[in-house]
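Asker: The structure under discussion is supplied below as structure tokens; questions concerning it will follow.
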Amino acid sequence: SRHKKTLFSFKSIKSNTLNSFTVIVYNIDLCAVFQFVLLVFLITTKQREFQKTAKEIQAITQNWIRILNVKVGWIYDLDKIVTKYIKYFRFLGSFKGHTNIIKTVRFSKDNRKILSASYDKTIRIWDVASRNQIQIFNGHLNWVTTAEFSPDDNIIVSSSLDGTIRLWDVKSGKQIKKIEGHVNTVWSVHFSPDGKTVVSGSSDKTIRLWDVSSGKEIKRWKTTSTSITNVQFSSDGKMIISTSIYDKTIDLWDVTSGKRLKEFKGHNDSIMCARFSPNGHFIVSCSNDTTIRIWNVKTGKELRKLEGHSSVVSDVKYFPDGQTIVSSSYDGTIRLWDAKSGKEVQKLTRYSKKLTGIDIASDGSAIVACSSEQSIYIWR
């Protein structure tokens, strides 16, 4: 049923943590109210885990109201209650073993493992539950710049300063293929959504598409950029974005025709990376200019500029639901942003001077970051 104006009073939901709160609701579905109350009740059970500022909690509360579509007239003392008991992400621990800068980290599809690529020339797999290293892959002759799992978690692709791309079998730990063709550092590699192809970006000014089964080059894009440092497929596999660290642009390419569809300009310094939103409608990018920017793929226009980091923003990515963006920075912080408003939602810190990369679990339940201090950090 629906009520024009109803006064709700909830008392002693949990007497030792939540005495009461009163909500005046206008034109509200009772089911949504009870969902909201249940959410607050669950939050109170987390009371010893952390504390957040009132400003952060207000933003989070408003986000809940938006998600639940609750038209609330007044919420008495809710911000104070939630400020005391709410927690988005809690630090779980760190992974140690690398002996040089860790460049990238990636979750496996089932979120049970983490893959890391390091300047110590190794690729490592870590168990999330125990935080122990369970595999190490040796073979690259120089810094490993990127490593990621295939969509089915059975293969790893990696790139390196040695100019090669390598494919590894996860189960056996052995190298399957060494793909050669680039004549300079390969900075970035990414699997297509179906896992059949890999795209790579290099300092030799080319973007190349490779067949995973044969290791042969399928297509090549020659660019005017000085060095391609980041490449990524769209979720439907039809487009690729690339960034260059020196010319401050993001390029959008059609996979089938090989044509450049758009060029995005706006950053004032080198672009570290760019990634599609889950639905492919937007691109988020980060830069040495300390900003994060959101772009409309269809129009090519900049929609929003996110500011808050005090140093280079090293990595950025959308959450699976497309509603939140997470970023890592050389200022040692991880920040969560509301994708629609561009406002900062939460800031995570972990005694690191420089965070170099980030990833999100496929269900959005955890965040992992890597650092120049040879450590990996995880929050849940």
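Asker: Given the pairs Lys109/Lys301; Lys196/Lys222; Lys109/Lys219; Lys216/Lys238; Lys238/Lys354, which span a C-alpha to C-alpha distance of over 30 angstrom in this model?
Answerer: Checking Cα-Cα distances, Lys109/Lys301; Lys238/Lys354 exceed 30 Å.
Asker: Now, a different point. Give the shape of segment 341-380 as rounded, prolate or oblate, defined through the alpha-carbon gyration tensor: a ≥ b ≥ c are the square roots of its eigenvalues, a/c under 1.5 means rounded, and otherwise the shape is prolate if a/b is larger than b/c and oblate if not.
Answerer: Here segment 341-380 falls in the oblate category.
Asker: What whole-number value in cubic angstrom gives the convex hull volume per residue for the C-alpha atoms of segment 91-379?
Answerer: Cα-based convex hull of segment 91-379, divided per residue, equals 109 Å³.
Asker: Report the extension gain between Lys259 and Asn184 in nm, rounded to one decimal, defined as 0.36 nm multiplied by the number of residues separating them, less their alpha carbon distance.
Answerer: That pair, Lys259 and Asn184, stretches by 24.7 nm at full extension.
Here, each number is a calculation from the coordinates, and none is a lab measurement. It should be emphasised that the depicted structure is a prediction, and the values quoted were computed from it without experimental measurement.
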